[in-house]
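Everything on this sheet refers to the single structure shown next.
The values are calculated or read from the model by the stated rules, or taken from the named source; none is laboratory data. Keep in mind that this is a model prediction, so the values were computed, not measured. So basically every Cβ, Gly included, is an ideal-geometry build from the backbone, and we count neighbours across all protein chains shown. For the accessible areas, the whole protein counts, side chains as well, though only heavy atoms, and no ligand, DNA or RNA atoms are used. Shrake-Rupley method; radii C 1.70, N 1.55, O 1.52, S 1.80 Å.
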Amino acid sequence: MSRFFSGKYESLEAYIPGEQPQDMKYIKLNTNESPFPTSQKVANMTEKECVSLRLYSDPECTALREKLAQLYKVEDENVLVTNGSDEILNFAFMAFGDTSHPFVFPDVTYGFYTVFADVNGVPYEEIPLMDNFKININDYIGLNKNIVIANPNAPTGIALKREQIEKIIKSNPDAVVVVDEAYVDFGAESCIPLINKYDNLLVAQTFSKSRSMAGARLGYGIACKELIRDLNTIKYSTNPYNVNRLTMAAGIAALEENDYYMENCKKIEDIRQFTANELEKRGFEVLPSRTNFIFAKSDKISGEKLYLSLKERGVLIRHFTKEKIKDYNRITIGTRQEMEIFLNTVDEIIKQEE
Ligand SMILES: *Cc1c(COP(=O)(O)O)cnc(C)c1O
């Protein structure tokens, strides 16, 4: 820390993203990227857009917002496009949180929420998951505090039904409920159809996982017009050109080939089922996932040891040191072939343990 760093950040602990090691080629199952490439159109559109890079991007993201509005059957004014969905989540903490408007979220969830709260000086409260790692919706009824729920949750992979989330939204009419749907395309129910019914609902989604575009940094929020207006005030007060031209072109192209991406999601669901079955055969406990990853624990080896041993052998998965989940690992679903290599490597490691 330099002597100039503001005291208000003295105890800020920055978010630690999953490793992106550059030292060698790993089978990369640690940050929930898609194993499938972007569609050809994405490459073509981005290349074409390069000639216009001297010009600023459209701060309103008009064309992309139109496409998203069409896809989700909402109005353009219900959509805000951001630099990854991390940005819209941060905007939500900035816009709706302050010392008298805290945020509430589960104790095991996306690790960035505590950081968004801290960096924006927003107090927060963490509600423990049940012993089976599920969210007890009764814990969130009538709090009238801002709530953020990842649905499906990360890193557990477990999803709530839309009607369960609706109960939470309905019972907290004087606070904002943010539903982070980063993984919703892998088999869960979106809350987007509820945005016209509830003026306190913000849904966040991303191109990073289901649309193979983690490196492009593209996310969006969908909500009633008033909430979107507030979030736009924050956006125009921080970074009006938050989405660059290449990413915007890529996003538009991806939506034109949305079927390709949704088919990939189905493939990943099948490979997920295969992987979960295989791990269970090997004595793992696997939580029921609606995402492109599984959260699993072995009865033969610790979470940390398995993670380290796999890394030594060129397979990267994600291990969290938090006490409650340290026995588990989060394993991104790759191609069938990648998962077979992963499983064979797990077998090798466990054999050595015995
Ligand atoms: C990956 C992820 C995000 C953010 O992804 P972006 O790449 O910033 O769009 C948000 N929430 C959860 C739960 C995630 O796993």
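Here are the numbers for the structure shown:
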{"quantity": "Computed helical MRE - 222 nm, the chain, DSSP H runs ≥ 4 contributing -39500 (n - 2.57), nearest 500", "calculated": "-11500 deg cm²/dmol"}
{"quantity": "Over the chain, relative contact order from alpha-carbon pairs under 8 Å, at least 6 apart, %", "calculated": "23"}
{"quantity": "Net charge of Cβ neighbours under 10 Å - reference Pro123; Lys, Arg +1; Asp, Glu -1", "calculated": "-2"}
{"quantity": "Mean separation of Cα contacts under 8 Å (6+ apart) over length of the stretch 288-354, as relative contact order %", "calculated": "38"}
{"quantity": "For the chain, accessible area per residue (1.4 Å probe, heavy atoms of protein chains only), Å²", "calculated": "47"}
{"quantity": "The chain - Debye-derived log10 I(q)/I(0), Cα point model, q = 0.09, 0.12 Å⁻¹", "calculated": "-0.51, -0.92"}
{"quantity": "Within the accessible area of the chain (1.4 Å probe), percent carbon and sulfur", "calculated": "48"}
{"quantity": "Selected from Leu255, Ser237, His319, residue furthest toward positive end of dipole (the stretch 227-354; charges at beta carbon)", "calculated": "Ser237"}
{"quantity": "Vicinal HN-Hα couplings computed from phi for the stretch 198-209 (Karplus, 6.51 cos²θ - 1.76 cosθ + 1.60; Hz; Gly/Pro x)", "calculated": "10, 7, 10, 10, 10, 9, 10, 9, 8, 8, 5, 9"}
{"quantity": "Amide hydrogen neighbours beyond the local backbone of Glu75, cut-off 5 Å, H modeled", "calculated": "none"}
{"quantity": "Candidates Tyr15, Tyr241, Tyr183, ranked by Gaussian network fluctuation over the chain, Cα under 10 Å, top entry", "calculated": "Tyr15"}
{"quantity": "For the stretch 61-220, convex hull of alpha carbons as volume per residue, Å³", "calculated": "108"}
{"quantity": "At R0 = 35 Å, FRET efficiency that the Cβ-Cβ distance of Asp139 and Ser302 yields, to 0.05", "calculated": "0.70"}
{"quantity": "DSSP bridge orientation in the chain - percent antiparallel, rounded to nearest 5", "calculated": "55"}
{"quantity": "Interchain or long-range residues, amide H under 5 Å from Leu129's placed H", "calculated": "Asp107, Val108"}
{"quantity": "Scattering curve values for the stretch 197-341, log₁₀ I(q)/I(0), Debye with Cα scatterers, q = 0.09, 0.11, 0.21 Å⁻¹", "calculated": "-0.42, -0.61, -1.23"}
{"quantity": "Normalised contact order of the stretch 217-354, rounded percent, pairs of Cα under 8 Å and 6 or more residues apart", "calculated": "19"}
{"quantity": "Spin-label pair Ile127/Glu323, simplified geometry with 7 Å Cα→Cβ offset, distance in nm", "calculated": "2.2"}
{"quantity": "Within a Gaussian network of the chain (alpha carbon springs, distance under 10 Å), most fluctuating of Phe112, Phe295, Phe207", "calculated": "Phe112"}
